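The values are calculated or read from the model by the stated rules, or taken from the named source; none is laboratory data. Note that this is a predicted model, so its numbers are computed, not measured. Neighbour counts are summed over all protein chains in view; Cβ atoms, including those assigned to glycine, are modelled from backbone coordinates with ideal geometry. We work out accessible area using only protein heavy atoms, side chains counted, and drop any ligands, DNA or RNA first. Shrake-Rupley method; radii C 1.70, N 1.55, O 1.52, S 1.80 Å.
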Amino acid sequence: MATEAFEEIVEDFSFLDDWEDRYATVIDLGKKMDPLDDALKVPATKVSGCASQVWLVPEIEDGTFNFKGDSDALIVRGIIAVLKALYAGVPVAEVGAIDAPAELGRLKLEEHLSGQRTNGLRSMVERIRKLAAEA
């Protein structure tokens, strides 16, 4: 059920044996993402439950889900980019059906993230599902 963009990330990760290379790849994904306009970094868009500052702003057009996001931490920015790849372009009604833990498990990210980062990742997924459900 994953998007083509997410499948590309999974494929790229399959060639990386060492966590440091995967970590660098996630950071690079975050660096490639456009920054979120400071005007959108408000309490209403902030994700609670993250150790870092995280903001997610939904963009729903023609029944398709997308979002913009940003963080003050490079690795978290990269995780947002991974989540964008997982959810971008998915019909709003199907966002909740994506098994994010299973899909993200294919990247083996949680094995190397701190407990706080793992909780933050879960909070971001919950927020994405909530934003889609409210659309």
Query - the range 84-122, subset among the basic types (Lys, Arg) and within 13 Å of the chain's Cα centre (by Cα), residue nearest to residue 18 (Cα to Cα) - result: 117
Query raised in the report: Taking the stated definitions as given, is residue 102 assigned to a helix (DSSP H, G or I), open to solvent by less than 80 Å² (accessible area, probe 1.4 Å), without any contact (Cβ under 8 Å) to a residue 12 or more places away in the chain and within 20 Å of residue 126 (Cβ to Cβ)?
Result: yes
**Report entry** Test: residue 49 is within 27 Å of residue 97 (Cβ to Cβ) and modelled with pLDDT under 95
**Finding:** yes
Query raised in the report: Can you tell me which of 31, 46, 41 is without any contact (Cβ under 8 Å) to a residue 12 or more places away in the chain, open to solvent by 40 Å² or more (accessible area, probe 1.4 Å) and over 12 Å from the mean Cα position of the chain (by Cα)?
Result: 46
Query raised in the report: For residues in the range 52-77 being small (Gly, Ala, Ser) and farther than 20 Å from residue 90 by Cα, which is surrounded by the most Cβ atoms within 10 Å (Cβ to Cβ)?
Result: 71
**Report entry** Top-ranked residue in the range 1-28 [being among the β-branched types (Val, Ile, Thr) and closer than 19 Å to residue 114 by Cα; ranked as least open to solvent (accessible area, probe 1.4 Å)]
**Finding:** 26
**Report entry** From the options 39, 88, 81, residue that is of a type outside the set (Asp, Glu) and at pLDDT below 95
**Finding:** 88
Query - the range 86-99, residues that are within 16 Å of residue 122 (Cβ to Cβ) and either touching a residue at least 40 places away in the same chain (Cβ under 8 Å) or of a type in the set (A, V, I, L, M, F, W, C) (or both) - result: 86, 87, 95, 98, 99
